[in-house]
Every structure is written in C-alpha cells, then in structure tokens.
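The values are calculated or read from the model by the stated rules, or taken from the named source; none is laboratory data. Treat the numbers as computed from the prediction; the structure is a model and nothing was measured. With ideal geometry, Cβ positions are generated from the backbone for all residues, glycine too; neighbour counts draw on all protein chains shown. These accessible areas exclude ligands, DNA and RNA; they are computed on the full protein's heavy atoms, side chains included. Shrake-Rupley method; radii C 1.70, N 1.55, O 1.52, S 1.80 Å.
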Amino acid sequence: MEPSDVIHRISEKFALLGHPIDQKQLTERLNRLTDEFGIPLPEAERTLVSDFSRQFNLPEGGTAGKQEKTGNSLVTPIAGLEPETWVTLEGMVTVIFPPRSPSIAQSGILADKTGSVRFTIWARSNAPPVETGKWYRFSSAVTDEYNGQVNFKVHGGTTITPLDSDEIPADSPVPIQDLREGLCTVEGRVTTLFPPRSPSIAQSGILADTTGTINFTIWANAGLQELKEGETYQIRHGLVDLYNGRPGLKAQQGTIIAPVSDTARVTTPVSVTPIGSATSGIVTLEGMVVASSHPASEALRQTGTIADNSGAIRFAIRGADESEELKDNTWYRIEGAVIDQYRGALHARITKDTIATVISGEQTLNPAFSPIDQLKPGVSCIRAKMVQDWETNHERMLQSGIVGDETGTIRFVTWQDPQAERLKPDTVYRIYWAAVDEYNGQLSLTLSDSALIEEPGDIEVKSESQEVTGALVHISPGSGLIRRCPVEGCGRVLSRQNFCQVHEFQPEYTYDLRIKGWIDNGRQTWDTIIGCEAVLHLTGLSIDQAKEMAENNPLGPETVFYHIYEMLLGRYFRCTGRVIENRLFAKGCELLSVSQNRLFELINRANAGKPSENIRNKEDSEEISPSSDGKIFQGNEPFREPELHPGGQDNNEQKTVPAPGSKADVGDLQDVTDSRINTGFSPASVHEPMEDYETESYDRDNEDEWMESYREEE
Amino acid sequence: MAAPQNTMTRRYEREPARRVFAAELRETTYQFKDGTEEMSPSYILLPTGERCNRVFIVGTITEKRRSEGENVFYQIRIVDPTGTFFISAGSYQPEALQQLSSIETPEFVAVIGKPNLFESPDGRTLISVRAESITKVDRSVRDCWILDAAERTLERIEATETTPDRQTAQEKYPQRPEVWYRIISDALATVEM
C-alpha cells in the first residue's frame, strides 16, 4: 500500500459523502503522522478518516463476532477442564449445596485426584439424585465458566452412573510433600490438634510424616472417628485444596480414616538430622538452646532458637501442650520435632509427643558466619558493621537500620525487650542467631533474641554506589523546590509555615531542589530521591531561577513542581547513587538515549526467533480477501473503543457493559481488525490484505472467526 | 516472636509498570485477583506469561475525545509500531486530566496507567488503560521505549523458568512466540539511528 492510495481513498470516500477535502492538506497531514510520528499507514488512514468524520459529523457503524467451541472426549481429569466443552467426568461428590432455584435439582462439587469442580444438575434433566461421598461417572456433561472458574452442567443428555467399588480408583499413600490439589490418600501422624473453632468442624490440626506437614480439617458432618494426637492414620479420599496458597487437607463424607497398624506407623527417625540440612517433616535434632523467650500470646508457651554447628532453627512450644520448657544454654536431643515452613523459614514445633532429653557432657558450639548476600530465611550468624541508624516509627521498636559486610547490606530491627541492646553506628559486631525474615521477597534481620559481641577493627562494607536505569514513572509531592531547617545537622524539610518537626519555626530556611518518585525498569522499582545537583543538571535550572519561578507565579512552589513534572516524568534515566533495598538516592542522573549497539543486539535477538518467511498459501489468501468496498468502509471506522462511564470508579468501570449498538459495540470489530492488522494474527488486514503478514498459516481459527464477523457486518 | 514485625517494618513495594507492545496488550483476555479480599490487587495476565497491574507506554496520541456531560472524561488512542492502545482518564485521575487538557494530536506521549478488561455484550473481551499520568515527550523517548518494550517482551518469551503465571498463560493463550518475535523485529525496525 502506498500513501497515494490512502490519499486517493480518503478523498474519494469523503467526496462521495459530499465533503471534498483539499489534497495538499490531506497529504501533509498523512505525512506528518507517518513520517514524523512513525504511525503505521493503516492506522494513520484510520486516524484521518476518524478526524474528518467527526469534523463533518458523519455517523459510525459496525458489529462484532462471537466464539463457540464444541468437542467431546473420554474421561477428562478435572484439572484439565476447559469451558464450553462436552466431557465425561469421574469423581466423588464432596459437597451438595442447598438448591437455589426450582430449575436446579442439585448442585455441588465433584472431585477427582487432579482437582475439584462445581456442578449443577438441571431439574429438567430428570437425573437420579447424587449423594455426597459417593463416586459417579457423568457422561456428556457440558462445561461452562463463571467468575473465571470452570463448572459443569448436567442436562437431559447427560447420564450419571454410580461407580462400582472396583471402578473407584485405588491409590496408594502419597508423601505429604508431594500432595497436590484433588482427592488423595495420605498417611501421617497427628502432631497437633487445634482447639475447636466452629460447630461445623469436628477436628483440625497438623498431620506430619517424615517428608512434610499439612493442616487438616475434619468436617463434623463427615461422621468420622475422632483422631488422637500422636497416632498415625491413613486418610483415604481426603480432599486437598489451596487456601491462601497453602495446601490443606479436608476430610468429609466419602473420606475414609483408619488407624495405621504399628508396623506401618510413621516413626520418628532415630538418626539425627543436622539442623542446617533439615527440611519439613518429623525429625530428630540435637542442639543447644541459644535463646528463648515467653511470648505474650497464650497460644505459645515458649519460643526460641536451637543451634548446632551446621545451623540454627526457631522452635516453639504451644501453650496447650504439656511439654516441658527448654532451658537456655543446654544441649538437648529432641526426638520427633515437627518442622514446617512459614514465610520461607523453617520452624520446629515441640509437641507433646516430642521427647527432649538433656545431653550431658562437654559440647562446644562453633557456629559459622554467613555472608550477608547468602542469607536465607531462618536463623543465621553474621559479622557486620552497622552503617545506618534509622528513625524508628513504632513505639515497640528499639532500633532499626542497616548493617553491612563485604558482600552486601541488610535491614535490621530490634524490638523493645529488657535484654535487647542497641547497635552503635560504624561499629563491627558478631551477631549470633539473628532471625532472618522474608517479606515480599526482601530479607531483614530481627536481632531481639540475638547475642551481640562488639569487635574491634573495621569492615569495608560493599560499596553502595550503583547504577540504576529506568523510567521515572511517578513524581511524588515533596518534589521540586523545598525549604530545609537551617539548624546544624538537621536539614529536615519545613512545612508550608516553615515549621521543622524538631526545631519549630525557622524563618531563615535554606532552599533545596529534589525529586521524590519512582524509577522503574519494568521488572523492578526503586523508591527514588534525586538530589539537587542532578535536578539542576536535568532541568537546566539554577536554584535562583527556581526561586524566582516560585515567587513570581500565583501557584508558588507548585509551579516548579509542574515544570519538573512535565519535563521529566515518563523519561528514561541512568542514575548513580546509593541503593539500599528498593531505595535509591541518586546523586547523578543522565537522560538516556538509544544505544545503537543495544538496538542491533535486540534486532538480532528478535530475528533469531522469527519463523521462516515463505509459508505462503495463495489459495487461502484469495479466498478470504474481502471485497474492496467493504475494505474501505470498514478500515475507516471512526473512533470507538471500550467505552467507560465518565468519572467511573474502579469497580463501576469494570462492570460497565455498553448497550448493544453503542459506540463500544461498534468498536468491537475494529478492535479485532486493529490488532490483527498489526500483529499479523490475521492475513485479512483491511487495506493490504495479502501483503504483509499473510504467511501466518498457523492461526486458522482466528482467521475464520475474523471472517465470520466480517461477513456479519456486510 | 510476638512482635508485629512484618506489618510495621515492611517498606512499600511498587509493582513495576510492564513494557508491553499494543499488539500483546490487545490479545490479553485474562484477569485475576491476587488474594480473596475485596481490596486484593487485580492483575491482567499477559499472553507472554507475566502478571501486570500497571503499564508504561510511549507512543503517538492520534485521537483525544472529551466526553459530553458534567464529568470531564477523556478517551484517547495511542499508537505504537504494533497497534493501538485505548486509554481513558476521568476525574479519578486528576494528574492525567490536567496534562491531557494541554496535549494536542498528534504528539509523542508517555503514559503510566492501569489496564482493565471489559466484556462486551457479545462476550468479547476488550482492554483499556486508565491513565494515571500522561506527559508530552520527544521521539528519543519513544525510541528508548521501543527498545525497552522489545527487550522486556523478549525476556518474557525467552524465559525458561516455570512460574504459576507462565503456566496459566500457557493454558489461557495460544502460545506463538514466533509471532511476538516478528512483531518485536518490526517494531525495532521503526527506530531510526
């Protein structure tokens, strides 16, 4: 397609409608769009037609396509269900809900060992009623989707057959660490029973084997026997589901629970697991209690840290357990501790079935120190220097800041506690058994229970001056020209009334320029402060000019803010400065421009993945070529798009469905054509149907669908 | 430990604004919430297998429509080398509204915004971006963005590590890396040296 064709087509179209357009003006506008702004020709044409249509008050029109899928299969695993297909399913009915409407005979949940799915049995289907805890085959049911979840419907053509006992899939017990969503059989020891929470729950607690732990719930209506702590059971046809991303085991009608004979019971391993290599499950440990405390909460009797020479782990004794407390600085052999994971860190529970015996005799503990860049959630010893002392923002917090070693830095916090001590700035410490926590992928240290030993000497903390490249995607209030407290060593930002938080009214403030905001590279974000020098460099302003700007404008300092905002927001920068976690203090900043090497490298990378060019199928191309009249009309649809309600809030907007025939409706088809034109998902680009991307023969479905909608429009 | 360590000391983490070509954003049809609460963040899942609740876009604004009626409301089109983004801004996005009032078409602009899926009456899924901010930029910023979007998209299609999001994407979308490669290659070809 040539620009001249486009110009010809546009002038002809509008001339026919009684609105002749000046050719020269048209050419200039088209060239501006394509050359100056790099807009693809079809989109430029669409833009111009839309502009002129609006200028001449011409109407807009169109329709949209639809989707339909059918199919059938043998027995489908529930995890593999797709909406709008015919399926045969086998599973156990785990729940039946009270009927909501006379048109529904029954609804509930069916589970197999891959997952579970909701079902609805229509009253009209005249199907025999199903019962919870029983196994059935549903032949020729139809799946559907509601709120993003697949479900299935039983209609007149569906047959429901109860499964014979030999048809019910037999499964052998699965190690707890391998449990997945769906029905399962598992063997484990009840290590903990929780206090009753609700009348609908008979029992809940923790089940463990040597590979892991899982929380379980036994529904009251399951009519199952009561489990005892410390006993091992086989739970057959229990249902594993995910709650907040953690698997849980549910026992309900249809679940079979049996005590496991003595020979098969889950036993406590006799061999000792080094703490540093322990994983979830029931274990035997030997180590020294290096710290312990009594939490305020009644649920916990004692928490603390136990260490051997391979590592250390947090332990907890529940208030409800009769277990004896462990004594500090004492070595224990702990048989049957139950290790599980919480926020990435392992914890050992001492239950009433755990046997803790004091080990007498001389034992020495030589803990290894970990480099900061190799810390993992759990408990570690480090050797580090305190490099930053932050203002604390919580009354229970004694101190927070940053410590660092040769390999990196990490945030720390110490909570108020009679034994807790503050770290002194620029001092090196050996920090024993600090709790390493993870939150949102960030590690931090809690030092409340740690032993701190001050050390002479110095550590050269890994240089924090780093380079960050990204776009400035947000500029926060507090950016621009600010006034600071002039008191020596303070420099706090003053309020509008020149008030310092600490030194009160300060009429003799000093001026400063900065940007507070977020730098973002598409994978990572930095809470950024760009310092005065960099701001002066980027804006070309001087402090005096900024002052003048603020003084001579009715908006005051906001003028400077908006000047910076318009000049720098949405631009790419290379910043150098200190990076601590996700904070960046940028001393230097440069606007980024395109690097030729990077461009060539990316072009090569993209070309390496492209398919070969000549798969062209001439017949197909011709078959789906739209008529020229249709092309012109359709390709020049004026503006339309998913229409939102003016000023709508998030949730309103989401639910807004434009009425049929509204502009959004019109927009639909165009939306499809737009994306197809440009992505190559369809060969039927409106104006250049067979030239650009027609070699894509791998997406026939899309083409057909597109053509269908196209014909409907005609 | 009884201390409320995680609630009191965690720092605010901002979700990265994804770099997505129009062609990919327009193919997005799956949206989900991370969590079960009403205020849990909502994400779209890009066909290349990454969750996204914010996008950074640089392109040419080709159309700007102000709604008729009491509330100021704009619908705009922004074009990149691969297709068109539909952007909106209303009174809940005051910064964007203020900037928009002084931007004319055509012009290079940078937009930061939140993508949202809509369902049309016939069941087709449409996507639009609510702009949080929009600023006028120059061609060099647009070129930087094309490289940036190309690199991030390549990273997404070339990623080998399996994540839950990538797995979901494989179930929800036809996987056709060769199409993305072609789109990226074509987009890069529009950058003039």
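Regarding the range B:136-151, can at least one residue be identified that is more than 27 Å from A:GLU601 (Cβ to Cβ) and crowded, with 17+ Cβ neighbours inside 10 Å? Walk me through it before giving the result.
Here is the first cut: in the range B:136-151, the ones more than 27 Å from A:GLU601 (Cβ to Cβ) are B:136.
Filter once more, keeping what is crowded, with 17+ Cβ neighbours inside 10 Å: B:136.
So far as the range B:136-151 goes, yes, one or more of its residues are more than 27 Å from A:GLU601 (Cβ to Cβ) and crowded, with 17+ Cβ neighbours inside 10 Å.
Among strands (runs of 3 or more DSSP E) lying entirely in the range A:81-141, which contain 1 or more residues that are at pLDDT 90 or above and within 19 Å of A:ALA222 (Cα to Cα)?
On the way: elements: A:86-97, A:104-112, A:115-122.
Once the strands (runs of 3 or more DSSP E) in the range A:81-141 are filtered for at least 1 residues that are at pLDDT 90 or above and within 19 Å of A:ALA222 (Cα to Cα), what remains is A:86-97, A:104-112.
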Hey, among A:GLY517, A:GLY478, A:GLY470, which residue is assigned to a loop (DSSP other than H, G, I, E, B) and either small (Gly, Ala, Ser) or open to solvent by 10 Å² or more (accessible area, probe 1.4 Å) (or both)? A:GLY478
Answer yes or no: is there a residue in the range A:591-603 that is out of contact with any Cys (no Cβ under 9 Å at 6 or more places or on another chain), more than 21 Å from B:SER133 (Cβ to Cβ), open to solvent by less than 30 Å² (accessible area, probe 1.4 Å) and away from chain B (no Cβ under 11 Å). no
Within the range A:15-41, of all residues that are buried (at least 21 other Cβ atoms within 10 Å of the Cβ) and touching a residue at least 12 places away in the same chain (Cβ under 8 Å), the one farthest from B:VAL58 (Cα to Cα) is A:LEU30
The conditions are (1) more than 21 Å from B:GLN99 (Cβ to Cβ); (2) within 15 Å of the chain's Cα centre (by Cα), and B:GLY59 fails exactly one of them. Which is it? (1)
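Out of the residues in the range A:418-432 that are in contact with a strand residue (DSSP E or B) (Cβ under 9 Å, 6 or more places away or on another chain) and under 18 Å from A:PRO295 (Cα atoms), state the one that is surrounded by the most Cβ atoms within 10 Å (Cβ to Cβ). So that I can check it myself, show each step before the final result.
Restricting attention to the range A:418-432, the residues satisfying the condition of being in contact with a strand residue (DSSP E or B) (Cβ under 9 Å, 6 or more places away or on another chain) are A:419-432.
Next, only the ones that are under 18 Å from A:PRO295 (Cα atoms) stay: A:419-420.
On the way: A:GLN419: 9, A:ALA420: 15.
Per the criteria, the residue is A:ALA420.
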Take the conditions more than 30 Å from B:PRO177 (Cβ to Cβ) and outside the structural domain of A:VAL403 (by TED's automatic domain parsing) and apply them to A:LEU602. Does it pass? no
Reported set for the range A:414-437 where residues are closer than 20 Å to A:THR303 by Cβ, among the acidic types (Asp, Glu) and without any contact (Cβ under 8 Å) to a residue 60 or more places away in the chain is A:GLU421
Residues to consider are A:VAL154, A:VAL174; find the one that is of a type in the set (Val, Ile, Thr) and free of Cβ contacts under 8 Å to residues at least 24 places away in the same chain. A:VAL174
In the range A:332-348, which residue that is in contact (Cβ under 8 Å) with a residue 12 or more places away in the chain and open to solvent by 30 Å² or more (accessible area, probe 1.4 Å) is nearest to A:VAL283 (Cα to Cα)? A:GLU335
Would you tally the residues in the range A:405-421 being within 17 Å of A:GLN442 (Cα to Cα) and assigned to a loop (DSSP other than H, G, I, E, B)? 1
Looking at the range A:403-417 only, could you name the residues that are within 12 Å of another protein chain (Cβ to nearest Cβ) and surrounded by 18 or more Cβ atoms within 10 Å (Cβ to Cβ)? A:ARG411, A:PHE412, A:VAL413, A:THR414, A:TRP415
Could you check how many residues of the range A:553-582 are open to solvent by 10 Å² or more (accessible area, probe 1.4 Å) and part of a helix (DSSP H, G or I)? 8
Lone unmet requirement of (1) under 21 Å from A:ALA208 (Cα atoms); (2) open to solvent by less than 50 Å² (accessible area, probe 1.4 Å); (3) small (Gly, Ala, Ser); (4) over 30 Å from the mean Cα position of the chain (by Cα) for A:GLY287: (1)
Within the set of pairs 6 or more residues apart or between chains, which connect a residue that is open to solvent by 40 Å² or more (accessible area, probe 1.4 Å) inside the range A:96-124 to a residue that is acidic (Asp, Glu) and not in a loop (DSSP other than H, G, I, E, B) with Cβ atoms less than 9 Å apart? A:SER116/A:ASP241
When the range A:217-243 is checked residue by residue, the ones that are under 14 Å from A:VAL95 (Cα atoms) and aromatic (Phe, Trp, Tyr) are A:TRP219
Name, by its number, the condition in (1) touching a residue at least 24 places away in the same chain (Cβ under 8 Å); (2) surrounded by fewer than 17 Cβ atoms within 10 Å (Cβ to Cβ) that does not hold for A:ASP164. (1)
Look at the range B:136-179 and say how many of its residues are out of contact with any helix residue (DSSP H, G or I) (no Cβ under 6 Å at 6 or more places or on another chain), polar (S, T, N, Q) and under 30 Å from A:LEU472 (Cβ atoms). 2
Count of residues meeting criterion [away from chain B (no Cβ under 14 Å) and of a type in the set (Lys, Arg)] in the range A:487-538: 3
Tell me the strands (runs of 3 or more DSSP E) entirely within the range B:1-77 that contain at least 2 residues that are within 25 Å of A:ARG54 (Cα to Cα) and either modelled with pLDDT of 90 or more or of a type in the set (Val, Ile, Thr) (or both). B:55-66
Here is a list of conditions, (1) within 7 Å of chain A (Cβ to nearest Cβ); (2) buried (at least 17 other Cβ atoms within 10 Å of the Cβ); (3) not basic (Lys, Arg), and B:GLY59 meets all of them except one; can you say which number that is? (1)
How many of the residues in the range B:16-47 are among the β-branched types (Val, Ile, Thr) and open to solvent by 10 Å² or more (accessible area, probe 1.4 Å)? 2
Go through the range A:133-148 and give me each residue that's open to solvent by 40 Å² or more (accessible area, probe 1.4 Å) and more than 16 Å from A:VAL87 (Cα to Cα). A:LYS134, A:TYR146, A:ASN147, A:GLY148
Candidates A:LYS352, A:LYS376, A:LYS385, filtered to the one that is open to solvent by less than 60 Å² (accessible area, probe 1.4 Å) and away from chain B (no Cβ under 14 Å): A:LYS385
Going through (1) part of a loop (DSSP other than H, G, I, E, B); (2) under 19 Å from B:ILE112 (Cβ atoms) one by one, A:LEU541 fails only at (2)
Okay, strands (runs of 3 or more DSSP E) sitting entirely in the range A:184-293 with 2 or more residues that are farther than 24 Å from A:SER172 by Cα and within 14 Å of chain B (Cβ to nearest Cβ), I get A:281-293
B:ARG124 passes all but one of (1) modelled with pLDDT of 90 or more; (2) open to solvent by 30 Å² or more (accessible area, probe 1.4 Å); which number fails? (1)
Are there any pairs with C-beta distances below 8 angstrom linking a residue in the range A:244-272 that is among the hydroxyl-bearing types (Ser, Thr, Tyr) and open to solvent by less than 40 Å² (accessible area, probe 1.4 Å) to a residue that is in a loop (DSSP other than H, G, I, E, B) and at pLDDT 85 or above, with the two at least 6 apart or on different chains, and if so which? A:THR255/A:GLY133; A:THR255/A:LEU224
